[in-house]
Amino acid sequence: MKKLLIGAVALMAVAAAAPALAADAEPVVVPDLFTAPPAFPRRRAEPAVVPDVFTAPPAFPAVRVYDWTGAYVGLNAGAGWGRAPWTSNPDGTAGTASLSGGLVGVTLGYNLQTREPVVLGVEADLAWTNVRGTVPPLSCAANCEFRNPWLGTARLRFGWAFDTILPYVTGGFAIGRLTADIAGRPFGAEGVNNLGWTAGAGVEIVIWGPLRAKVEYLYADLNGFSCNVACGGGPISINVHENIIRAGLNYRMWVR
């Protein structure tokens, strides 16, 4: 009889604890384009441990791991520099010009992390730049100036998360506006929108809540274009290759 009573009491205790355990369980969140899981999953309740002579507290308390899944917007700024091989058909000369300048832009992206350290993402950005240089062939004295007034990229990102730190590699398409003319001459300017490619690497870290910071390097090949009338009759062919280093701030949207 005593054993039966003990068993009944145990069953009642289990039944009473079941709702509490269910309430403590974290709801399953299936991320989509508009719904991101919480940045830090809710810490599960742990039994209280009162240390004594025979019982020590846990060596490492439960750790909340950051979830990178979700959309984000951001701002970035930095500098670009590189080289521009050129060829002047009228006088048969050729060379390599240097280019440099600053840039500032906006970013839009989305990350997906599936309970693993691997983070897959897609990111697009558009920057306004003053990257420029000069080529010195005799046919366009005194120097032909070329510029890259804006630059956009659309890239995939592959990262490996160390909780709130995400190093990554990236690659995809680059598109930029390239123009050239002779400063002070009445021939106008010629330009083209060129599609090329870009690749690079970076690291992003969580600063606080939805705010994150990143630093990245990109190499962009914008291919070439020819300047004719605006460069003294030309044609002068110019190829543009840029190195870009920039810092940015990203804000994760739809954080709960």
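Yes/no matrix, rows are residues, columns are (1) under 28 Å from the mean Cα position of the chain (by Cα); (2) of a type in the set (Val, Ile, Thr); (3) surrounded by fewer than 18 Cβ atoms within 10 Å (Cβ to Cβ):
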position	(1), (2), (3)
182	no, yes, no
190	no, no, no
201	yes, no, yes
204	yes, no, no
216	yes, no, no
230	no, no, no
235	no, no, yes
245	yes, yes, yes
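With the condition kept exactly as written, say whether any residue in segment 97-104 is farther than 24 Å from residue 198 by Cβ and among the aliphatic types (A, V, I, L, M). For segment 97-104, residues farther than 24 Å from residue 198 by Cβ and among the aliphatic types (A, V, I, L, M): absent. Checking every residue in segment 162-170 against the condition of being surrounded by fewer than 15 Cβ atoms within 10 Å (Cβ to Cβ), out of contact with any strand residue (DSSP E or B) (no Cβ under 7 Å at 6 or more places or on another chain) and either of a type in the set (A, V, I, L, M, F, W, C) or part of a strand (DSSP E or B) (or both) gives at least one match. If you check 147, 157, 177, 212 for being of a type in the set (Lys, Arg), touching a Lys or Arg at 6+ places or on another chain (Cβ under 7 Å) and within 21 Å of residue 108 (Cα to Cα), only one passes: 212.
Taken together, the values in this text are just the output of simple stated rules run on the coordinates, not laboratory data. Predicted model, so just to flag it, every value in this text is computed and none were measured. Cβ sites come from the backbone with ideal geometry, for glycine too, and all protein chains shown count toward neighbours.
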